[in-house]
Each structure stands twice: as C-alpha cells, then as structure tokens.
Amino acid sequence: MSEIGYEGVEWTLAHFNPRVKAVKELQELVKVTKAHGLEISEVVVQQDLVTLDERKRKDRIDFIKECIRAAAKVDVNIINVFTGPAPWDLKAPRILRDISEGKAWSLVLEGFNEIVDEAEKHKVYLAVEAVFDHLCHDYYTIKELLDSFKSKYLCVNMDPSHYALYRNDVAWVVKRLGDKIVHVHMKDVVGRPGAHGDDFIFPLLGEGIINWMSFLKALDEVGL
C-alpha cells in the first residue's frame, strides 16, 4: 500500500481485536504498519446497539470499551462506531416495526453514555458514522447524538454517501460539522433510501450523485 502512495490505513476488527489478540500483538501491528510508512487512521469497531437482547447489548458496549482501552495502550486515538440497527442483520429489530424510535434512542443514548465516558477517560476519539437505515443515518440524526453529549471525544466519521442518500447538502453538512469531523471516507452513492442493491448502490467514485468538487472544497474550508 505504501509503495503505491497510501499514507494511512484503516484497520478493522479482523486485524485489531483485543478479545483475540494480546496487547503485544496489537503493538506489533502498529509497529509493522508504521515501519512501512503508514499511519493507522482509525480502527473500525462498529457494534449494533439497537437490539432487544439486553445481554448482547451489554456485551457490545463492553466490547467497545475494551477496544477503547486497547487503542489507548497502543497509541491509536480514533475508533469508528455506529448506532444500529444494521439492516443487513436479519435478526436486528426494524425501527417502527419491531421497536419504536424513542426506545431505539434510549438504547443508543444509554450505551453511548458508557462509551463516551470511557473515551474521555482514555482520550480516544469516537468517530460516529451515519449509516443508511440506522438510527443515526443523516446530518440531523447525527447532530441529535452529538448534542446529547457535547463531548470533545464524540466526533464524526464523514462518509458522504449516506448523507447524500438522504438528500442532505453534503458540502453544507461538512461546514456544519466542522471540527467534529476526525475521519473521512470516500464513497459515492446513487438511488434513494430503501433496500440496498434494489433502491440504491454505492458505485465507483464519480458514478453517483455526490458533487466531489464541492465536497473537497468544503473539507478544505474546515481545515481537513
């Protein structure tokens, strides 16, 4: 990756999982990554917090906290999280059908109350990603979550595809979120909210509806 010009890499739980790998192994991963001229931009620790199974929900919250502590020990300072419910999980409840929006917010806010406390304690940034069909899926729902905590360590992973899918003005969103953006994904989208693959897809960059010039200009304007 470094040989073809990349300067950073985003690791997932397949690479960085404190329940599978000891701290020494995670330290070695960081060491090897940096030895090849790459920075770890973030670790993706996405766990669905909208579940009716309380045991699973508690375990997922605890797991995120474990990942925060592990990241801090090896000097990784951003982890990527989302809210749920994940539409690709057939067992996950659907908002309005299986669970009310208010109940879903209660579950997410209770979970983030613990997660944000842990992030603040260890100085690790939570980069929340808006994702289609999740409780937090666009600018307005992400803002509700951010406003509920007002924490320096509760931030945003800016993936423009999801905001564009819900017809948010992506450049305006970037300017509104400003310094809350700590990580960026480059992903396009075409279609309208509905079923992934039927109503919308994530095509190659430039083949969707995102105005990349205005998006990149907005990132420049907020210092990213």
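Quick one: compute the contact order of the chain, relative version, from alpha carbon pairs under 8 angstrom and 6+ residues apart, as a percent.
Working: 365 pairs, mean separation 31.8, N = 224.
14 percent.
Cα-based radius of gyration for the stretch 96-149, normalised by 2.2 N^0.38 Å, reads 1.19.
A dipole drawn for the chain from +1 and -1 charges on Cβ atoms has a positive end, and of A164, V184, G5 the residue lying farthest that way is V184.
Each principal axis of the Cα cloud of the stretch 16-138 was taken in turn, and the coordinate range along them, longest first, works out to 49, 24, 23 Å.
Can you tell me what share of the DSSP beta bridges in the chain is antiparallel? A percent to the nearest 5 is fine. Mind dumping the intermediate values first?
Working: 2 of 21 bridges.
So the antiparallel bridges amount to about 10 percent of the total.
At a threshold of 8 angstrom on Cα-Cα distance, excluding pairs fewer than six apart, so keeping six or more, what relative contact order does the stretch 89-216 reach in percent?
Details: 174 pairs, mean separation 23.8, N = 128.
This gives 19 percent for the stretch 89-216.
Estimated from helices alone, the mean residue ellipticity of the chain at 222 nm is -12500 deg cm²/dmol (sum of -39500 (n - 2.57) over DSSP H runs with n ≥ 4, per residue). Partners of K175 within straight-line reach, counting lysines whose Cα lies under 26 Å from its Cα and excluding those fewer than 8 residues away in the same chain: K123, K143, K150, K152, K187, K217. As a calculated quantity, the FRET efficiency between N113 and R19 at R0 = 22 Å, using C-beta atoms, amounts to about 0.45.
Counting only lysines at least 8 places from K56 when in the same chain, those with an alpha carbon closer than 16 Å to its own are K65, K91.
Computed over the alpha-carbon pairs of the stretch 50-95, the distance histogram in 5 Å steps reads 5, 19, 23, 21, 14, 11, 6, 1 percent, short to long.
May I ask for the net charge around H185, where only other residues with Cβ less than 12 Å from the Cβ of H185 are counted and Lys, Arg are +1 while Asp, Glu are -1? Please report the intermediate quantities before stating the final value.
Details: positive: K187; negative: E10, E42, E129, D159, D188.
So the environment of H185 carries a net charge of -4.
Its Kirkwood hydrodynamic radius, worked out from the mean inverse distance over all distinct Cα pairs, puts the stretch 109-198 at 13.6 Å. Taking a Cβ cut-off of under 13 Å around L224, the surrounding Lys, Arg, Asp and Glu residues balance to a net charge of 0, with basic ones at +1 and acidic ones at -1. Translational diffusion of the stretch 146-200 was estimated from the Stokes-Einstein equation, with Rh taken as the Kirkwood radius over Cα pairs; at 37 °C and 0.692 mPa s the coefficient is 265 µm²/s. In the context of the full set of protein chains, the stretch 47-187 has a per residue accessible area of 43 Å² (1.4 Å probe). Volume of the convex hull of the chain (Cα atoms only), normalised per residue: 129 Å³.
Loop-resident GluC sites (Glu not before Pro) (DSSP state other than H, G, I, E or B) in the stretch 7-88 with no more than 12 further Cβ atoms inside 10 Å of their Cβ: E7. Taken about its Cα centre, the chain carries a charge dipole of about 500 debye when Lys and Arg each add +1 at the Cβ and Asp and Glu each add -1 at the Cβ. Screening the chain for DSSP H helices whose Cα atoms reach 27 Å or more along their own axis and whose mean Kyte hydropathy is at least -1.0 gives 101-122. Here the accessible area of the stretch 15-103 is 52 percent carbon and sulfur, with a 1.4 angstrom probe and all protein chains present. Between H134, V76, A195, the Cα set farthest toward the positive side of the dipole of the chain (charges on each charged residue's Cβ, about the Cα centre) is that of V76. For the stretch 2-41, the solvent-accessible area of protein heavy atoms averages 69 Å² per residue (probe radius 1.4 Å; ligands and nucleic acids excluded). Take the solvent-accessible surface of the protein heavy atoms, probe 1.4 Å, and return the percent of it on the stretch 150-224 that carbon and sulfur atoms account for. Ligands and nucleic acids excluded, carbon and sulfur give 54 percent.
The values are calculated or read from the model by the stated rules, or taken from the named source; none is laboratory data. Keep in mind that what you see is a predicted model, and the values were worked out from it rather than measured. Cβ sites come from the backbone with ideal geometry, for glycine too, and all protein chains shown count toward neighbours. Quick note on the areas: whole protein, heavy atoms, side chains included, nothing else; ligands and nucleic acids left out. Shrake-Rupley method; radii C 1.70, N 1.55, O 1.52, S 1.80 Å.
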